[in-house]
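To start, the structure under review is shown below, and the notes come after it.
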Amino acid sequence: MSGRATARRGPARLGERGWSLPELMVTVGILAVVTNIAIPVMSGALARAQASAICEDFATVRQAVVDYYQTNSAYPAERAVGVVPPEIRTAIANKVNFNNTKLRVQYDWEYWINAQGNPTQRATGVTVGFSVVTTDQKLIAAIQRVYRGGCFVRVNSTKYTFVIEPVPGAAKPC
């Protein structure tokens, strides 16, 4: 026996070696192409999921408001951005967060009718609505693609409103 001991991890295979530089470059290139395809697909899926969650929040608020209207013959009063109307707070408790940091949005209950019963935001085409306030235009575009239940209109650069009641007698906002 020789005085030298060699450590082996297993039996030697004929031609066994590591990766060559061209093989490594081709593999990295393939991974880069697959990543460039997968990231936009995953990003779009995430935006659609967030848009669906927002549409579900709107449906929940709309149902609570309709129930309130049927009982009281009136809609809840206008509130500031992020403030849940107290009239529907119990009906939507633990279901809708008006300051949703997870989705990066705030919600705003809109009752754009003055004391005389006239629309205060005639240009929007909306008298009663539920607004989404966000700077994420990709999210807004996803909501527009996902929402099929009615009108969703632009109020300004960061506010878009689901229409519950349009301005009476005015051209439809959608």
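Sub-9 Å Cβ pairs linking a first residue in region 32-52 that is surrounded by 10 or more Cβ atoms within 10 Å (Cβ to Cβ) to a second residue that is of a type outside the set (S, T, Y) and not in a helix (DSSP H, G or I), at least 6 apart or interchain, are A47/D136; Q50/K102; Q50/L103; Q50/R104; Q50/V105; Q50/D136, ordered by first then second residue. Among the polar types (S, T, N, Q) and under 22 Å from A142 (Cα atoms), is that true of T60? Judged against the criteria, T60 is a match. Residue count for region 14-63 satisfying the condition of being modelled with pLDDT under 95 and more than 15 Å from the chain's Cα centre (by Cα): 28. G169 passes every criterion in (1) over 22 Å from the mean Cα position of the chain (by Cα); (2) at pLDDT 90 or above apart from (2).
Among residues of region 78-105 being touching a strand residue (DSSP E or B) at 6+ places or on another chain (Cβ under 6 Å) and in a loop (DSSP other than H, G, I, E, B), the one that is nearest to G117 (Cα to Cα) is E78. Checking each residue in region 115-174 for being assigned to a loop (DSSP other than H, G, I, E, B) and charged (D, E, K, R) picks out D136, R148, K172.
Based on this model, can you work out whether A59 counts as closer than 15 Å to I164 by Cβ, surrounded by fewer than 17 Cβ atoms within 10 Å (Cβ to Cβ) and in contact (Cβ under 8 Å) with a residue 40 or more places away in the chain? So A59 fits the description; yes.
The values are calculated or read from the model by the stated rules, or taken from the named source; none is laboratory data. What you see is a predicted model; the values in this text were computed from it and never measured. Positions of Cβ are backbone-derived with ideal geometry, glycine not excepted, and every protein chain shown enters the neighbour counts.
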